[in-house]
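Below you'll find the structure, written out as structure tokens, and then a few comments.
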Amino acid sequence: MKLRFWGVRGSIACPGPNTVEFGGNTPCLELRFGDKNRLIIIDTGTGIHPLGNRLVSDDIQAGPLTADIFITHTHWDHIIGFPFFKPIYIPETKLKVYGPITFEDDPLEKIMSDLLRYRYFPVLHGELTADIEYLQLGECKLDIGDGITLKTKYLNHPLLCLGYRFEFNGKVLCTAYDTEPFRNVFSTDKDAEDFDPVACGEGEEAARKENEKLLDFYRDADVLIHDCQYTKEEYFPSKTGWGHSFFEHAIDSALKANVKKVVLFHHDPLRTDQELHELENHCRKQFGDRSDLKVIVAKEGMEIVV
Ligand SMILES: [Zn+2]
Ligand SMILES: [Zn+2]
């Protein structure tokens, strides 16, 4: 598998002098598989705009484009680039767009096609000339052809969000964004009026089990792309429950799950290039010599062979 990062930011695109190096586009990953060069795209954040331009100037010159797009969830930062993906305006393009089942009365097709309404955009979804099929996923294991196996797992985010695990030729690439650690939501303060020891105990156990299931999902991955929006100081207590992780948690999970490379991803839009360099240096010093785990800070344009 060959992986390229087209967008690494969370929440909102943030171009500017402080994000030149690591990039300001929101999530979009390009994955290529084996000799057939099978194309899979994960998320359609603003990073899909430059990817689409590259596909038009390069791949499409050699023949029509066929691709699978896997949406982790439909928060804006993960879908907003879709109307700007040039191949959807080319009649020979064939796309399968997969995403989680979120609301019964609001299927994936409706959420995505709502982006192309006159309220927001000058072209209607019905006017697109590409052949686009929408498919909804829950937790599952799928054979998606060409020797690729896909496993999915719900993460911990305010909206149902899927992690994707691709297995190909004995190698594993896994995504774990947007997510934060599961936690006990019942009061743990014994003096508090609403303290219920039974509920508290059950809450602790449920969170422990769910966190364990996530580790099983990442287990032995060659590459784990993990949410890393915050530092520990930012996460506790003010941003707990917002659906994002801090880098210590990402690294700790990777160590526990015997992951070989963890890529810190979904950077906060306020995180500057300098701060991301400091984070990289800190991780290298802290973990460089003490384990086999390699910690990488995601950067636009970065490529990894899995
Ligand atoms: Zn996000
Ligand atoms: Zn989100």
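The values are calculated or read from the model by the stated rules, or taken from the named source; none is laboratory data. From a predicted model like this one, the values you see are computed outputs, not experimental measurements. Neighbour counts are summed over all protein chains in view; Cβ atoms, including those assigned to glycine, are modelled from backbone coordinates with ideal geometry. Note: areas computed on protein heavy atoms with side chains; ligands, DNA, RNA excluded. Shrake-Rupley method; radii C 1.70, N 1.55, O 1.52, S 1.80 Å.
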Extension gain from A192 to V20, taking 0.36 nm per residue of separation minus the Cα-Cα distance: 57.1 nm
Please check the chain for the longest run free of chymotrypsin sites (Phe, Trp or Tyr not before Pro) that are loop-located per DSSP (anything but H, G, I, E, B) and have at most 10 other Cβ atoms within 10 Å. 121-306
How large a share of the accessible area of segment 90-165, in percent, is made up of carbon and sulfur atoms when the probe is 1.4 Å and the other protein chains stay in place? 50
Need one value: the accessible area of T66 in square angstrom, 1.4 angstrom probe, rounded to the nearest 10. 100
Given charges of +1 on the Cβ of Lys and Arg and -1 on the Cβ of Asp and Glu, with all other atoms neutral, how large is the dipole of the chain about its Cα centre, in debye to the nearest 20? 1020
Test of the criteria: in segment 41-122, which GluC sites (Glu not before Pro) are in a DSSP loop and have at most 14 other Cβ atoms within 10 angstrom of their Cβ? E92, E104
Percentage relative contact order, segment 172-300, counting C-alpha pairs under 8 Å, at least six apart: 26
Measure up K171/K239; K36/K96; K94/K260; K110/K213; K96/K256 against 26 Å on the Cα-Cα distance and list the ones that go over. K171/K239; K94/K260; K110/K213; K96/K256
DSSP-assigned coil residues among trypsin sites (Lys or Arg not before Pro) in segment 1-93, each with at most 10 further Cβ atoms within 10 Å: K36
With every protein chain present, what accessible area does M1 have (1.4 Å probe, heavy atoms only), rounded to the nearest 10 Å²? 20
Would you mind working out the magnitude of the charge dipole of segment 12-93 relative to its Cα centre, with +1 at each Lys and Arg C-beta and -1 at each Asp and Glu C-beta, to the nearest 20 Debye? 80
Where Lys and Arg each count +1 and Asp and Glu each count -1, what net charge lies around E212 among other residues with Cβ under 14 Å from its Cβ? +2
